[in-house]
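Student: Structure incoming, see below.
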Amino acid sequence: MNRMTMIEVKDEWKSRAKIDKATYDEWYKQSIDDPEGFWKQHAKRIDWIKEPTKVKSINYTYPDVSIKWFEDGELNVCYNCVDRHLKDKGDKTAILWEADEPGNAQHITFQQLHEHVCKFANVLKELGVQKGDRVVIYLPMIPQAAYAMLACARIGAIHSVVFAGFSPGALRDRVNDSEAKVVITANHAPRGGKATPLKKNTDKAFEGIEGDVKCLVVKRTGDDTPMTDGRDFWLHEMEGKVGNDCDCEPMNAEDPLFILYTSGSTGKPKGVVHTSGGYIVYTSMTHEYVFDYHPGDIYWCTADVGWITGHSYIVYGPLANGATTLVFESTPTYPDASRCWKVCEEHKVNQFYTAPTAIRALMGKGRKHVEGHDLSALKILGTVGEPINPEAWNWYYEEVGHSNVPIVDTYWQTETGGILITPLPGATPLKPGAASKPFFGVKPVILEPQSGEVLEGNGVEGVIAITDSWPSQMRTVYKDHERFVNTYFQQYKGYYFTEDGAKRDEDGYIWITGRVDDVINVSGHRMGTAEVESALVAHKAVSEAAVVGFPHDVKGQGIYCYVTLMEGTEPSDDLRDELIKHVRSEIGPIAKPDALQFAPDMPKTRSGKIMRRILRKIAEDKLDELGDTSTLADPSVVDHLIENRQNKG
Ligand code: 6R9
């Protein structure tokens, strides 16, 4: 990589930042040389009921993997996010809610947050929820989503948030897998001027939900929704029946805080389990230093609470720090592409954290939407979710930050709970497109993909793995520890394997090159190709399906499907539309294929394995990179596929 593209840390950034280069170097060294001492010290940022005496006990030896942090400590995460701020920040805004329709913002103070969360927690108890029970949260971006999460944390229930854009089928599977007691939803979910009938989706999911599961409904709009007696309860009615006080349940540091399902390369989505102590230490600490959060700052992360970014950097990290966190119900393009900048101007947003796909979409709408807005309060810009192309990075830096605001390109995963690799605004010279440097306590290595050998030094490329643990690492796959161990610890022994490719350049900067498994990244959302394939083959017309990603200007990657039809079924445009709609309704709008090609035959090896490499190259129009096709059972299949390539929209 060209050293010329490096942007030095400006004096202004240095002078306001909590961590300068010398501090970064010193703390990083300490965190690696003496992790016990380092994390014992930094665990003090949290209020413990019983301070931990043990810091870490980690075993990465396959297959006996076990990860524990602060294991004899006791705390309550909700207390740390709410109660402990009441004394000196009670009247300060905790949640700044920006509703779908502009001009309807609401400020919820820490005092009010406390009242809402206590009531909510009492309602859950009234519905029979106890410590350790699972609660599914299927809500749009409304304050009640945060109340619900914090209420669970308060009483020791384990929440599982399901993205409100997911289909009834996806909701049903997650409720059943986690054996939840309650599903929390809203009657309607307004977004971008349209309202999704969320409760209706939930009703559909309930047709396949096993056991005695209750449904708690938030009245977001005036619209009515049918309620089932004995199963469905309005939140506002229940709140009228319960008291205002609710004690915080003392939790062990290793008690689960939440489950969050995420896509993998095989099978069903995995229930990623995060626990209490290490998670809140690490998310609050990264939030403070990566975003250089200072008391009084207005912090905005545009993610959805349905994803890990919403958990760690809208709700838990910021609130544990007593920050004002902006919760955004709408989309960056509603009512037009200036929405984000209007919100930044109106609320004097200091930190703005979004995804490359949003930046590319806004860039595509032109600079006129940014121009003329007073963005002078912005101190930090952030990105997450996928590699950011330098063009989008430069646009963000120049048009939004006026070349005066550092960008933190934060690399991490659902599994890692918090940010692993990122520049720090006062310490790290910036390179457009590079996730840059490890956060404290994180020891990344680049491995040679085949041999697993560690590639030392700079100027190397391979896959990225992490030596040793950090406090917010996932602990297990819900009800399937073996899957956890096999997915992340089997291939490269002694390391946590991220399933991402990466390089370390001549300056020691880390660049993430993307997934090396069958996961594609659509608008920053992880999608297992296997999930889309199984949705397709669930349709009666389909006998076989293969799904690959291709580069997409706005979404990062798009979804390209190859479909073999059942004997006697004729391909047609109508059937193509029907299959695309089918995937959309089976999984959700984010899984809608961008192209679907009928393939009478798939390119297969003689042992019957579909050669996805070839399908990928065809979808990418890289016909000169098809490579060796001689091992195919029938090489002529490829010509047919090339001739019938589909327009990718
Ligand atoms: C937080 C989140 C994780 C996958 C990850 C990687 C990609 C995330 C990135 C990035 C390059 C960044 N990813 N941040 N790639 N640069 N700054 O996104 O979690 O939804 O689990 O996705 O996203 O491929 O493995 P999750």
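The values are calculated or read from the model by the stated rules, or taken from the named source; none is laboratory data. Bear in mind the structure is a predicted one, so any value in this text is a computation, not a measurement. We place every Cβ from the backbone using ideal geometry, glycine too, and count neighbours over all the protein chains shown. All accessible areas refer to the heavy atoms of the entire protein, side chains included, with ligands and DNA or RNA removed. Shrake-Rupley method; radii C 1.70, N 1.55, O 1.52, S 1.80 Å.
Student: If you go through segment 272-291 one residue at a time, do you hit one that is open to solvent by less than 10 Å² (accessible area, probe 1.4 Å), touching a Cys at 6+ places or on another chain (Cβ under 6 Å) and either in contact (Cβ under 8 Å) with a residue 60 or more places away in the chain or assigned to a strand (DSSP E or B) (or both)?
Tutor: No, segment 272-291 contains no residue that is open to solvent by less than 10 Å² (accessible area, probe 1.4 Å), touching a Cys at 6+ places or on another chain (Cβ under 6 Å) and either in contact (Cβ under 8 Å) with a residue 60 or more places away in the chain or assigned to a strand (DSSP E or B) (or both).
Student: Just checking, which of GLY382, GLY433, GLY441 is in contact (Cβ under 8 Å) with a residue 24 or more places away in the chain, touching a strand residue (DSSP E or B) at 6+ places or on another chain (Cβ under 9 Å) and in a loop (DSSP other than H, G, I, E, B)? Full working, then the answer.
Tutor: Values: GLY382 fails: in a loop (DSSP other than H, G, I, E, B); GLY441 fails: touching a strand residue (DSSP E or B) at 6+ places or on another chain (Cβ under 9 Å).
The unique qualifying residue is GLY433.
Student: Also, quick follow-up: Working only within segment 398-415, note down all residues that are free of Cβ contacts under 8 Å to residues at least 60 places away in the same chain and more than 8 Å from the ligand (Cβ to nearest atom).
Tutor: Matches in segment 398-415: GLU398, GLU399, VAL400, GLY401, HIS402, SER403, VAL405, ILE407.
Student: May I pose another question? Filter segment 369-385 down to residues that are in contact with a Phe, Trp or Tyr (Cβ under 9 Å, 6 or more places away or on another chain) and either among the hydroxyl-bearing types (Ser, Thr, Tyr) or within 16 Å of the ligand (Cβ to nearest atom) (or both), then give me how many there are.
Tutor: Looking only at that region, the number is 6.
Student: Could you please find all residues in segment 435-455 being closer than 19 Å to ASP292 by Cβ and either surrounded by fewer than 21 Cβ atoms within 10 Å (Cβ to Cβ) or within 16 Å of the ligand (Cβ to nearest atom) (or both)? Walk me through how you get there before you give the answer.
Tutor: If we filter segment 435-455 for residues that are closer than 19 Å to ASP292 by Cβ, which is where we start, we get 435-442.
Result: ALA435, SER436, LYS437, PRO438, PHE439, VAL442.
Student: Return yes when GLY366 is open to solvent by 30 Å² or more (accessible area, probe 1.4 Å) and on the phi > 0 side of the Ramachandran plot and no when it is not.
Tutor: Values: open to solvent by 30 Å² or more (accessible area, probe 1.4 Å): no; on the phi > 0 side of the Ramachandran plot: yes.
So GLY366 does not fit the description; no.
Student: Name every residue in segment 197-245 that is of a type in the set (A, V, I, L, M, F, W, C) and either assigned to a loop (DSSP other than H, G, I, E, B) or over 14 Å from ILE184 (Cβ atoms) (or both), in order of residue number.
Tutor: Residues of segment 197-245 of a type in the set (A, V, I, L, M, F, W, C): 198, 205-206, 209, 213, 215-218, 227, 233-235, 238, 242.
Hits for segment 197-245 are ILE209, VAL213, MET227, VAL242.
Student: Could I ask something else about it? Quick one: ALA355 ticks every box in (1) within 16 Å of the ligand (Cβ to nearest atom); (2) open to solvent by less than 10 Å² (accessible area, probe 1.4 Å) bar one, so which box is it?
Tutor: So ALA355 meets the others, but not (2).
Student: Still on this structure: When the residues of segment 76-131 are filtered to those that are without any contact (Cβ under 8 Å) to a residue 40 or more places away in the chain, over 30 Å from THR331 (Cβ atoms) and among the polar types (S, T, N, Q), which remaining residue is most open to solvent (accessible area, probe 1.4 Å)?
Tutor: GLN130
Student: Show the residue pairs meeting these rules: Cβ distance below 9 Å; 6+ apart or different chains; first residue within segment 300-324 and free of Cβ contacts under 8 Å to residues at least 24 places away in the same chain; second residue open to solvent by 10 Å² or more (accessible area, probe 1.4 Å) and among the aromatic types (Phe, Trp, Tyr).
Tutor: none
Student: How many residues, within segment 295-343, are aromatic (Phe, Trp, Tyr) and within 16 Å of the ligand (Cβ to nearest atom)?
Tutor: First, the residues of segment 295-343 that are aromatic (Phe, Trp, Tyr): 299-300, 307, 313, 316, 328, 334, 341.
If we keep only those that are within 16 Å of the ligand (Cβ to nearest atom) as well, we get 307, 313, 316.
Of the residues in segment 295-343, 3 are aromatic (Phe, Trp, Tyr) and within 16 Å of the ligand (Cβ to nearest atom).
Student: Would you say ALA535 is more than 15 Å from the ligand (Cβ to nearest atom), free of Cβ contacts under 8 Å to residues at least 24 places away in the same chain and crowded, with 21+ Cβ neighbours inside 10 Å?
Tutor: Working: more than 15 Å from the ligand (Cβ to nearest atom): yes; free of Cβ contacts under 8 Å to residues at least 24 places away in the same chain: no; crowded, with 21+ Cβ neighbours inside 10 Å: yes.
Answer is no for this residue.
Student: Let me ask something else about it. With respect to ILE388, is the statement that it is within 11 Å of the ligand (Cβ to nearest atom), outside any strand (DSSP E or B), open to solvent by less than 20 Å² (accessible area, probe 1.4 Å) and hydrophobic (A, V, I, L, M, F, W, C) true? Steps first, answer last, please.
Tutor: Values: within 11 Å of the ligand (Cβ to nearest atom): yes; outside any strand (DSSP E or B): yes; open to solvent by less than 20 Å² (accessible area, probe 1.4 Å): yes; hydrophobic (A, V, I, L, M, F, W, C): yes.
Here the answer is yes, as ILE388 does meet what is asked.
Student: On the basis of being outside any helix (DSSP H, G or I) and within 19 Å of the chain's Cα centre (by Cα), does THR487 make the cut?
Tutor: No.
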